[in-house]
Amino acid sequence: MYTLGEERILTIERVEDKISVILKDATKSIELPAKRWISFVLLFLDIEEEVKKLREKKDVKFFQHIGGAFYVSITTGYNCVDIRRFYKSREGELKPRREGLALRLREWTVLFELLPRLLEDAPDLA
């Protein structure tokens, strides 16, 4: 278990031959199977660049698919890295579902800095 801040934690769960990363707090959680987690990790440097822009009060509109119906987004006006499930409306627009978790910028920084340790502790997530 890894603490991201306040009440947010990250756990690695192994069930039989499957591994997942779970981000959760007291009321919400999001499970990222290994393949989706790896897609997310591959975006870490891009996400970090967008977070820097957000901190510098620059305009940010980042929206990337990480597998299934899950996307990572960063948008000016919201100081978070949002990992969320989306659905297509009847009109064909992507709309957010409740399933997801928005990491505060300081929690994102902790996660970004934790990555080497996570990969060392769970090399099958590399």
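In the chain, what percent of the accessible surface is made up of carbon and sulfur (1.4 Å probe, ligands and nucleic acids excluded)? Please report the intermediate quantities before stating the final value.
On the way: 3760 of 7770 Å².
About 48 percent, which is the carbon plus sulfur part of the accessible surface.
If I take the Cα coordinates of the chain and project them onto the principal axes, what are the three extents in Å, biggest first?
Cα spread of the chain along its principal axes, largest to smallest: 40, 37, 27 Å.
If you take every residue apart from V15 with its C-beta less than 14 Å away from the C-beta of V15, what net charge results, scoring Lys and Arg +1 and Asp and Glu -1? All intermediate terms of the calculation are to be shown ahead of the outcome.
Values: positive: R14, K18; negative: E13, E16, D17, E31, D124.
Net charge in that neighbourhood comes out at -3.
Net charge within 10 Å of V72 by Cβ-Cβ distance, Lys/Arg positive one each and Asp/Glu negative one each, not counting V72 itself? Mind dumping the intermediate values first?
On the way: positive: R84; negative: D46, E50, D82.
That works out to -2.
For the chain, with only Lys/Arg (+1) and Asp/Glu (-1) charged at the beta-carbon, what is the dipole magnitude about the Cα centre, in debye rounded to 20? Walk me through the intermediate numbers first.
Values: 23 positive and 22 negative charges, 118 e Å.
Its charge dipole is roughly 560 debye.
Can you tell which of I66, F44, Y87 lies farthest toward the positive end of the dipole of region 37-99, using +1 and -1 charges on the Cβ of basic and acidic side chains (Lys, Arg; Asp, Glu)?
Highest projection toward the positive end goes to Y87.
Hey, which of these cross-link pairs are over 24 Å Cα-Cα: K18/K95; K24/K95; K61/K95; K24/K53; K28/K52? Intermediate results must be reported in sequence, preceding the final value.
Working: K18/K95 29 Å; K24/K95 22 Å; K61/K95 16 Å; K24/K53 26 Å; K28/K52 26 Å.
Violating the 24 Å limit, Cα to Cα: K18/K95; K24/K53; K28/K52.
Is any residue of region 55-95 close enough, with backbone N under 13 Å, to a label point placed 7 angstrom from the Cα of D46 along the Cα-Cβ axis, and if so, which?
Flagged as within label range: 61-67, 71-74.
Any idea how far the Cα center of region 1-23 sits from the one of region 77-126, in Å?
Measuring centre to centre over Cα atoms gives 13 Å.
Might you tell me the accessible area per residue for the chain, computed with a 1.4 Å probe and given in Å²?
62 Å²
Sticking with the crude label model, points 7 Å out along Cα→Cβ, report the distance from A102 to Q64 in nm, one decimal please.
Taking the simple label geometry, A102 and Q64 are separated by 2.0 nm.
Can you give the local net charge around F62? Use residues other than it whose beta-carbon is closer than 10 angstrom to its beta-carbon, Lys and Arg +1, Asp and Glu -1. Write out the running numbers ahead of the final one.
Working: positive: K53, K61; negative: D46, E49, E50, D82.
Residues near F62 contribute -2 overall.
What GluC sites (Glu not before Pro) does region 1-37 have in DSSP loop regions with at most 14 other beta carbons within 10 Å? Present the calculation step by step, with values, prior to reporting the outcome.
On the way: sites: E6, E7, E13, E16, E31; in loops: E6, E7, E16.
The qualifying sites are E6, E7, E16.
The values are calculated or read from the model by the stated rules, or taken from the named source; none is laboratory data. This is a predicted model, so every value here is computed, not measured. Cβ sites come from the backbone with ideal geometry, for glycine too, and all protein chains shown count toward neighbours. The protein model used for the area step is the full one, side chains on, heavy atoms only, and it has no ligands, DNA or RNA in it. Shrake-Rupley method; radii C 1.70, N 1.55, O 1.52, S 1.80 Å.
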